[in-house]
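For reference, the structure is listed below as structure tokens.
Taken together, the values in this text are just the output of simple stated rules run on the coordinates, not laboratory data. What you are looking at is a predicted structure, and each value in this text was computed from that prediction instead of being measured. Glycine also receives a Cβ, built like all others from the backbone with ideal geometry; neighbour counts cover every protein chain displayed.
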Number of protein chains: 2
Amino acid sequence: MFIIGKHMTDCSQSTKERILAAAGDIFGREGFKAATIRGIAKAANANIAAINYHFQGKEGLYAAVLENVFHQGFTRFPSKLGIEESAPPEQQLRAFIKGMFYRLLSRDGWGGLSGQGRLIARELLEPTPAFERILDKYIKPHKDRLVSILVAMMGKDIGPRYLLPCAISIIGQCIYYALAGPVITKIAVEDSPIEDNLDRLAEFVWLFSLGGIERIRLETTHTVDNTPLPH
Amino acid sequence: MFIIGKHMTDCSQSTKERILAAAGDIFGREGFKAATIRGIAKAANANIAAINYHFQGKEGLYAAVLENVFHQGFTRFPSKLGIEESAPPEQQLRAFIKGMFYRLLSRDGWGGLSGQGRLIARELLEPTPAFERILDKYIKPHKDRLVSILVAMMGKDIGPRYLLPCAISIIGQCIYYALAGPVITKIAVEDSPIEDNLDRLAEFVWLFSLGGIERIRLETTHTVDNTPLPH
DNA sequence: AAAGGAATAAAACAAATGTTTCAATTCTGC
DNA sequence: GCAGAATTGAAACATTTGTTTTATTCCTTT
């Protein structure tokens, strides 16, 4: 055992790293405004001044946390995780959805209910200025990948008028589990988005979406130059 | 023009009502912690003391707002809005989804992005003690209605193992539009959940869900006593 | 080993905020 | 019209919180 300082803190991480990790958790749990730098400092076994020293204040810390969280998440679970370009698009979609569930909800990812996954939900609800960068760097490429899979499944003639809602419906199902975890647990405890259920839930969302996509595809090819959606 | 007091406020509402309305908007936009009673008082043309007088503090106000918002929302757009019991379950589902979109996103409802709809999203993300009551009184009956429609569509043999995920997928799509409105607008402006798009989006989610439900139904009836979900 | 910079600790500061207090005003029942 | 209750207005209070300051400790370089 090594003695680093007068406090026996975790030697494997620097103060800056400890602050980032603790801040991700606390910002996620409590939101930007409700989180306090005192609480974060305490959780990170660090001093208040260290936060302002390394991150120039609360906002700077938040921006760094956001970048860190997304970088970690998409590094451990990339958009193309387990996707082989040669595989049929249905299987690519399957891997995409599974990737989303694990990125959002697994302990190795953003930790869903108790962790940094809620940070993402919060940004969806009320984007902060720091989120603009995240959108361009992570979210849009991620969406583009899903759209390209959908194009492979539905044909090139599908316009964005149907493609994008499809993408939204698929992503929406995944994110809803991360968002509404607490309530889902209260209403349907068997489907609580905990580690043990991720595979089953991802598989379900995949099948459900396959059906939905097929239904939309049929709808758009059958009604050629009629009203796009039935009234 | 009538002179009510020294301030020329809206005569049609009592102070208590004005506070409730303003608080719903501000709590929704900023969240419980970030919202300030001073800001709410100003927006309601009321005094700080009036809030504490009528609602016994910030928490009391929040509980009252939550009850008020859900009561209003489910009064104007009941669960069974436009649903005839005699209609085929597919059409009942259609009305159910349309009702959700309008309740969550229309100006007459919770106002989506700019209004009280975000309050609901916040409660899903981090339920407050005041939400327990709301769950029992509004959410669970609402869910039960959807489940009964799904039973009518998929047959009585479908167990909760498939029923509830179906319900979650459907509700998830709807709520995601209310949650992620700001980001959707940035990524797919054509599908921004604004008043003009509600009918089209609801119709899309309905069709998509019809396909999803059918796919799940097939899956569960074909693989009788096999593994419930394909590996 | 010494010096200089980097990092941390502790206290102080100023602004924001929920709550309380008390006087002034308005409303209601008689 | 009046008395008492209900409501509102304005100020004061105590706490929390982000930031800054100053001194001390740790680490690297020479």
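From the backbone phi of the stretch B:137-154, what are the Karplus-calculated ³J(HN,Hα) couplings (6.51 cos²θ - 1.76 cosθ + 1.60, θ = phi - 60°) in whole Hz, Gly and Pro given as x?
Karplus-based 3J(HN,Hα) across the stretch B:137-154 equals 7, 10, 5, 5, x, 5, 4, 4, 4, 4, 4, 5, 5, 5, 4, 4, 7, 9 Hz.
Quick check: pseudo-label points 7 Å beyond the Cα along Cα→Cβ at residue A:218 and residue A:137, how many nm apart are they?
About 4.4 nm, to one decimal.
Among A:96, A:202, A:192, which residue has its Cα positioned farthest towards the positive end of the charge dipole of the stretch A:92-207, with +1 placed on the Cβ of Lys and Arg, -1 on the Cβ of Asp and Glu, and the dipole taken about the Cα centre?
A:96
Rounded to the nearest angstrom and ordered from largest down, what semi-axes does the equivalent ellipsoid of the protein assembly as shown get from its C-alpha gyration tensor (root of 5λ)?
Result for the protein assembly as shown: semi-axes of 36, 32, 20 Å.
Just list whichever of A:33/B:143; A:58/A:140; A:80/B:156; B:80/B:156 have alpha carbons separated by over 29 Å in the model shown.
Listed pairs above 29 Å: A:33/B:143; A:80/B:156.
Considering only B:183, B:172, B:216, whose Cα is most displaced toward the positive end of the charge dipole of chain B, charges sitting on Cβ of Lys, Arg (+1) and Asp, Glu (-1)?
Of the options given, the answer is B:183.
From the label point of residue B:148, set 7 Å along Cα to the beta carbon, how far off in nm is each other copy's matching point, shortest first?
4.8
So, with +1 on the Cβ of K and R and -1 on the Cβ of D and E, and no other charges, what is the size of the charge dipole of the stretch B:15-56 about its Cα centre, to the nearest 20 debye?
Around 80 debye, computed over the stretch B:15-56.
Mind listing the label-point distances from residue A:78 to the same position on all other copies, shortest first, one decimal in nm, points 7 Å along Cα→Cβ?
Residue A:78 label point versus its equivalents elsewhere: 5.5 nm.
Where does helix B:89-105 land angle-wise versus the long Cα axis of chain B, in degrees 0 to 90, nearest 10?
With rounding to tens, the tilt is 30 degrees.
Once the label point is placed 7 Å from Cα along Cβ, list for residue B:128 the distances to the corresponding points in the other copies, in nm, shortest first.
Inter-copy label distances (nm, one decimal, shortest first): 2.1.
When 1/r is averaged over all different Cα pairs and the result inverted, which Kirkwood radius in Å belongs to the stretch A:77-222?
Every distinct Cα pair counted, the radius reaches 15.9 Å.
Out of B:182, B:78, B:129, any idea which swings most in a Gaussian network model of chain B, alpha carbons joined below 10 Å?
Sorting by GNM fluctuation, first place goes to B:129.
Sort all Cα-Cα distances of the stretch A:15-65 into consecutive 10 angstrom bins from zero, then give the percent of pairs in each bin up to the one containing the longest distance.
31, 66, 4
Could you compute how fast the stretch B:54-96 diffuses translationally, taking Rh as the Kirkwood radius over C-alpha pairs and applying Stokes-Einstein at 10 °C with viscosity 1.306 mPa s? Give it in µm² per second.
Stokes-Einstein gives a translational diffusion coefficient of 128 µm²/s.
Have a look at B:86, B:105, B:15 and report the one farthest towards the positive end of the charge dipole of the protein assembly as shown, computed about the Cα centre with Cβ charges (Lys/Arg +1, Asp/Glu -1).
Positive-most Cα among the choices belongs to B:15.
Dipole of the stretch B:67-222, Cα-centred, from +1 at each Lys and Arg C-beta and -1 at each Asp and Glu C-beta, to the nearest 20 debye?
260 debye
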